[in-house]
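Bear in mind these aren't lab numbers, they're just calculated from the coordinates by the rules spelled out. Nothing here was measured: the structure is a model prediction, and the numbers come from that model. Positions of Cβ are generated from backbone atoms using ideal geometry, with glycine treated the same way; all protein chains shown enter the neighbour counts.
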């Protein structure tokens with residue numbers, strides 16, 4: 001049996017490649033958003049659909065888009081939309097905030113959620 005010791009640069013390259021493969025992908029997030037979210041949500045300032053505009057949503061206080069009629073449950077949600085809060089919400093909207101109007105069942109794949117959140121974070 002032969003044991004090969006890889007140079008540090010090779011090991012670092014392999015580790016960085018694995019991290020990059022797991023990193024959020026804005027382009028993939030845009031595609032997922034287009035397929036699953038844009039029928040109900042706009043990404044334009046001041047344009048609400050069935051759901052509120054998601055322009056600049058990351059970091060924004062919940063239930064804060066003017067001229068949108070939020071559910072009482074969402075109005076009671078005082079936490080800002082951090083990446084972690086969005087991840088929990090997108091995994092199971094009705095389970096995360098009981099009583100919301102959103103009927104979407106959620107994005108079950110963590111990578112899909114990370115990609116969508118990265119895309120939403122890019123909308124500033």
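Descending by average beta-carbon neighbour count within 10 Å, the peptides 27-40, 85-98, 59-72, 108-121 line up as 108-121, 85-98, 27-40, 59-72, the highest first. For the pair residue 68 and residue 36, label points projected 7 Å from Cα toward Cβ lie 1.8 nm apart.
With 0.36 nm allotted per residue and the present C-alpha distance subtracted, the residue 122-residue 105 stretch has 3.7 nm of extension available. Per the Kirkwood formula applied to alpha carbons, region 25-121 shows a radius of gyration over Rh ratio, Rg over Rh, of 0.92.
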